[in-house]
Amino acid sequence: MPRSWKIGFGIFFLVVLALTFLEANEPEPLNMNVSYSGKDKIPLGTFAFFESWKNTREIKEINQPPFEFLAKEELPEGIYFFLNDYVVFDDNELNKVLDWVNRGNTVFISAGYIGKNLLDTLNLEARTDLRNTDFKSRPELKLKNRQENFKLNFDIEALTFTKIDSLEHKHNILGTTVFSGKPSEEKPNFVQTSFGKGEIFVHTTPEAFSNYFLLQEQNYRYAEAALTYLDSDKTLWWDNYYKSGKSFYSSPLYYLLGNKPLKWAYYFVILATVLYLIFQGKRRQRPIPIVKTLENKTYDYTRNISNLYLEQNRYREMTLKKIELFLDHIRSQYRLSTQELNSDFEEKLMAKSGNNETETQELFKKIRQLKAQENISKEEFLQLTRAIASFKNPENGKTGNHT
């Protein structure tokens with residue numbers, strides 16, 4: 001890796017490390033996500049409400065939809081408690097719930113949005129109070145059995161009842177929402193409705209049971225007063241199904257990202273992996289040594305052998321080797337057999353090589369003569385060499401391959 005790349009990578013790594021440190025040590029912002037789970041300690045969770053209420057009575061948690069819970073052969077009895085930012089039953093499920101209430105049981109629903117089919121059944125109408133352009137306000141809450149008002153210190157979408165028809169069902173207003181602190185601005189938000197042998201409580205401000213509201217000033221008294229309308233001798237069934245916040249999480253990643261130090265460690269590992277792939281992902285191997293091609297030493301070898309023969313005056317061996325190489329040249333160049341060097345051979349060679357008859361006959365006469373001699377002089381060797389060279393390159397300019 002070039003030096004400039006290493007310096008740039010080091011600077012980038014330090015910057016990322018500094019940003020990670022600053023972000024990890026930054027105060028965590030207030031989590032205003034909606035949950036209403038009895039296990040959540042965030043502002044809009046209900047840990048404080050659920051735990052304090054559990055100390056005063058037995059509470060049984062239900063993790064299945066009401067349609068399944070109320071489909072048992074032996075129907076449970078008691079109070080079915082729903083608390084969430086919305087509660088919407090489909091028609092079949094609503095019929096199960098209403099049939100259960102009709103048998104003498106109680107349903108308590110506190111939600112910022114309630115299914116229209118339930119409101120129509122109870123002859124109620126509700127809508128969000130549009131006092132601000134963002135549809136939110138900070139009203140005060142008031143209960144019929146308490147003289148004091150309880151102020152909300154955060155913005156909510158205030159849902160109130162605009163119509164309560166008592167022709168078919170008996171209604172009792174138990175609480176109101178007070179806007180601008182004026183009695184004339186009170187609107188119902190908590191209604192008790194008789195239904196068959198049982199009763200249904202509909203409350204439209206679930207924020208009143210949240211951690212954020214109950215832990216401020218004396219607001220816990222609001223929850224205490226609201227719950228006095230419920231029979232303390234009946235079994236209370238706490239719904240965990242209609243909850244925006246889950247009671248448990250099956251994904252390990254949720255726990256990892258929910259913990260700030262672990263979350264940043266996870267992000268840092270991902271970043272380090274990406275950087276490694278960018279800068280070190282290329283295939284790396286040891287340098288391959290350069291192997292020089294072997295040189296052809298045949299010419300040098302031949303020259304050395306020739307010099308050796310010359311120094312030792314071994315002209316006969318050199319002459320025989322010269323003749324042998326010349327005959328090999330004839331066999332490969334002209335495709336002629338050199339077993340018998342007779343007149344027929346000479347005629348064929350003249351025709352293919354383009355040499356004249358006199359030169360050809362004299363050359364092979366000399367070859368036969370030298371092969372028969374026991375001693376050959378330097379001059380005879382040189383004459384043979386010149387004759388062979390002249391034969392290979394005839395002076396008449398004809399090409400050496402005629403068929």
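The values are calculated or read from the model by the stated rules, or taken from the named source; none is laboratory data. Quantities reported herein were computed from a predicted structural model and do not represent experimental measurements. Here the Cβ positions follow ideal geometry from the backbone for every residue, glycine too, while neighbour counts run over all protein chains shown.
Remarks
- Counting only strands (runs of 3 or more DSSP E) that sit completely within segment 139-190, those holding 2 or more residues that are touching a helix residue (DSSP H, G or I) at 6+ places or on another chain (Cβ under 9 Å) correspond to 140-143, 171-178.
- In segment 23-45, residue farthest from the chain's Cα centre (by Cα) [restricted to those that are under 15 Å from L215 (Cβ atoms), among the aliphatic types (A, V, I, L, M) and at pLDDT 85 or above]: L44
- The sole residue among T338, T319, T360 that is surrounded by 11 or more Cβ atoms within 10 Å (Cβ to Cβ) and either out of contact with any helix residue (DSSP H, G or I) (no Cβ under 8 Å at 6 or more places or on another chain) or under 19 Å from P394 (Cα atoms) (or both) is T360.
- Residues (in contact (Cβ under 8 Å) with a residue 60 or more places away in the chain and aromatic (F, W, Y)) located in segment 101-122: F108
- Unique match (being under 30 Å from S35 (Cα atoms), assigned by TED's automatic domain parsing to the domain that holds N102, modelled with pLDDT under 95 and part of a helix (DSSP H, G or I)) among Y222, Y212, Y266: Y212
- Matching residues, segment 191-209, being outside any strand (DSSP E or B), touching a helix residue (DSSP H, G or I) at 6+ places or on another chain (Cβ under 7 Å) and surrounded by 19 or more Cβ atoms within 10 Å (Cβ to Cβ): E207, A208, F209
- Any hit, segment 153-167, residues being closer than 25 Å to S35 by Cα and of a type in the set (V, I, T): yes
- Meets criteria (touching a strand residue (DSSP E or B) at 6+ places or on another chain (Cβ under 8 Å) and surrounded by fewer than 18 Cβ atoms within 10 Å (Cβ to Cβ)) for K182: no
- Filtering T204, T177 for residues that are closer than 21 Å to L119 by Cα, under 46 Å from the mean Cα position of the chain (by Cα) and β-branched (V, I, T) leaves a single hit, T204.
- Cross-chain or 6+ apart pairs with Cβ under 8 Å, segment 183-206 first and touching a residue at least 40 places away in the same chain (Cβ under 8 Å) and closer than 14 Å to T121 by Cα, then part of a loop (DSSP other than H, G, I, E, B) and of a type in the set (S, T, Y): F201/Y229
- Selected residue [in contact with a strand residue (DSSP E or B) (Cβ under 9 Å, 6 or more places away or on another chain), free of Cβ contacts under 8 Å to residues at least 60 places away in the same chain and surrounded by 19 or more Cβ atoms within 10 Å (Cβ to Cβ)] from L159, L141: L159
- Qualifying positions in segment 100-122 - over 48 Å from the mean Cα position of the chain (by Cα) and either under 14 Å from T160 (Cα atoms) or assigned to a strand (DSSP E or B) (or both): T106
- Members of segment 53-75 that are touching a residue at least 40 places away in the same chain (Cβ under 8 Å), touching a helix residue (DSSP H, G or I) at 6+ places or on another chain (Cβ under 8 Å) and farther than 17 Å from L230 by Cα: I62, P65, P66
- Under the condition of being touching a helix residue (DSSP H, G or I) at 6+ places or on another chain (Cβ under 8 Å), of a type in the set (F, W, Y) and outside any loop (DSSP other than H, G, I, E, B), the residues counted in segment 76-99 number 1.
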